[in-house]
Every structure is written in structure tokens, then in C-alpha cells.
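Asker: Take a look at the following structure, please.
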Amino acid sequence: MKRTLRYLSFVFAVTTTLSACGSKDKAEETTTETQTVTTSTAAPAPEETPEATPATATAATFDINTVPVSAANLGGFPYLSALKGYEVNTSNSEDYDFEMAYVYDGKNLVPIEGKVSQRLFDESNGEKKASELMIQRNYETLLTGLGAVKVFAGKVPQEAIDKIGSDAVYKHGKWSVSTDHETSTYVIRQKDKEVWAQVTPLGSDGDYNLTVTERAAMPQQATVLPAEELKKN
């Protein structure tokens, strides 16, 4: 009888221990499942939104079609002479059969390709210098008489120059595109021509810049070298 009771006590103890272990394992399993579920149902991290690029407004440029067609005789390129008592400063003047010049149309610096004449004028020795007003008024009268329309008058804003880059602007603008000096920009439209003129007095010294650009296609000069020429070499 004692042996039976001892046996039953042993079975009961083992059963209790196994039951406790099973409960513990089940509890851990439940905890793990709960954690797993919690992790899987967590709200996803918000996606990073790329920073918006600020829109750059593109201002409308000058419409050449609004300019009346002129039938005036312009003479020969570069069309405009110096003031009386002035001469070309050859060291600071350039003429090209084909180049590009920037003109400011009141909104943007516009590249015009074609014939370009950029001349710096100084008063001749012993001659009286002209005032900035006289320089501007002389060319205004001359150009409007030829059918030109004044597109802009004033200093070119720094923002317009920054869009292009100061080096490029100086290379293709010289003194006609400046934040320091006032430039008057004119355009003449003819049946077969589009001519831009920029007049820029350069201060108390009395000298001034005159840039004339006639829009034109590039004259193709480079060609394929003939085989006969290669044989000669």
C-alpha cells in the first residue's frame, strides 16, 4: 500500500512538473507570437519625399514680329558711324563675319548670332568730348529714323547676368552688357535683315561702346580635304 501511494505521489509530481513546463513553453510561445504580430502590424515608416526643385519662371522674350518692317537704306555693315570728333579705339574693338552677341530685351539676355561689330570710340586728340546724353540722343535720333524700335534702356540687372555667367557675358557682351553703365538697345527689322544696335556711354571720359549685330547664318568655310591634296603632302 505504501509502495502504491509512493508510486502515485511520484506520478503526480511528474505530471505536475510536465504540466508546468508545458504551460511555460506555451506562455513563451504565445508571447513570441504576440511580439511577432505586433511587429508585423506596426505602421510602415513614411517614405522620404524628395525636396521639390523650385520652379524657374521663364520670362517671355521680345517678339521681333511686333516690330514694323523698315525699308530704310542702312548702307553697309556695321551701318552706324562714330560721332563727329571720335575715332575707333582699335585695341578694344572687334569685328567678326560670324559671332554671337548678347542683347538685353528687358527680360532676358538673348544670344544673337551673325555679323558682330563691337567698337569702342574715344574722342580724337584735341576734340571736345560728348556728354552721355548727347551720345544717347544722337543714336536714338539716327536709329529711330531708320525704323528702329527701342527695346530697352538702362543697366542690365545682375540676375540676368548671373543666369548666363559673367565670363560668358563679358566675352559676348563686352561693355554693352553692364550693371555699371546704361545701355540703349534698338532693333531694326527689314524684309531680309534683323539688326540690333547697343549704345553704351562709358562715363566721364566721354568714350562709348557701339555694338551692332546682324542676325545671319554661319558661312560654312571648312570643307573635306580632296584626295589630290593629300597626295601632294
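Asker: Roughly to the nearest percent, how much of the accessible area of region 138-194 is carbon and sulfur, given a 1.4 Å probe?
Answerer: Reported share for carbon and sulfur atoms: 46 percent.
Asker: Sticking with this one: Can you figure out the FRET efficiency of Asp162 with Leu230, using R₀ = 35 Å and their beta-carbon distance, to the nearest 0.05?
Answerer: 0.10
Asker: On to the next question. Over the heavy atoms of Glu132, what accessible area does a 1.4 Å probe trace out, to the nearest 10 Å²?
Answerer: 90
Asker: Report the net charge of residues surrounding Leu133, where surrounding means a beta-carbon distance below 13 angstrom and charges are Lys +1, Arg +1, Asp -1, Glu -1.
Answerer: -1
Asker: Quick check: residue separation of Thr223 and Lys191 times 0.36 nm, minus the Cα distance between them. What number comes out in nm?
Answerer: 8.4 nm
Asker: Let me know the shape class of region 120-177, please: from the alpha-carbon gyration tensor, a ≥ b ≥ c as square roots of the eigenvalues, rounded when a/c is under 1.5, otherwise prolate if a/b is greater than b/c, or oblate.
Answerer: Judged from the Cα gyration tensor, region 120-177 comes out oblate (a/c at least 1.5, b/c at or above a/b).
Asker: Summing +1 for each Lys or Arg and -1 for each Asp or Glu, what net charge is found among the other residues whose Cβ lies under 10 Å from the Cβ of Pro78?
Answerer: Net local charge, Pro78 excluded: 0.
Asker: Please work out the FRET efficiency for the pair Ala216 and Glu132, using the Cβ-Cβ distance as r and a Förster radius of 41 Å; give the result to the nearest 0.05.
Answerer: With a Förster radius of 41 Å, E is 0.85.
Asker: Right, here's the next one. Provide the net charge surrounding Leu202, with neighbours chosen by a C-beta distance below 13 Å and charges set as Lys +1, Arg +1, Asp -1, Glu -1.
Answerer: My count for the surroundings of Leu202 gives -3.
Asker: Would you pull out the residues with amide H under 5 Å of Val151's amide H, same chain only if 5 or more places away, H placed 1.01 Å from N?
Answerer: Thr185, Tyr186, Val187
Asker: Taking 22 Å as R0, compute the FRET efficiency from the Cβ-Cβ separation of Val88 and Glu182 and round it to 0.05.
Answerer: 0.50
The values are calculated or read from the model by the stated rules, or taken from the named source; none is laboratory data. Computed from a predicted model, the values in this text were never measured in an experiment. FYI the Cβ positions are ideal-geometry reconstructions off the backbone, even for glycines, and counts take in every protein chain you see. Note: areas computed on protein heavy atoms with side chains; ligands, DNA, RNA excluded. Shrake-Rupley method; radii C 1.70, N 1.55, O 1.52, S 1.80 Å.
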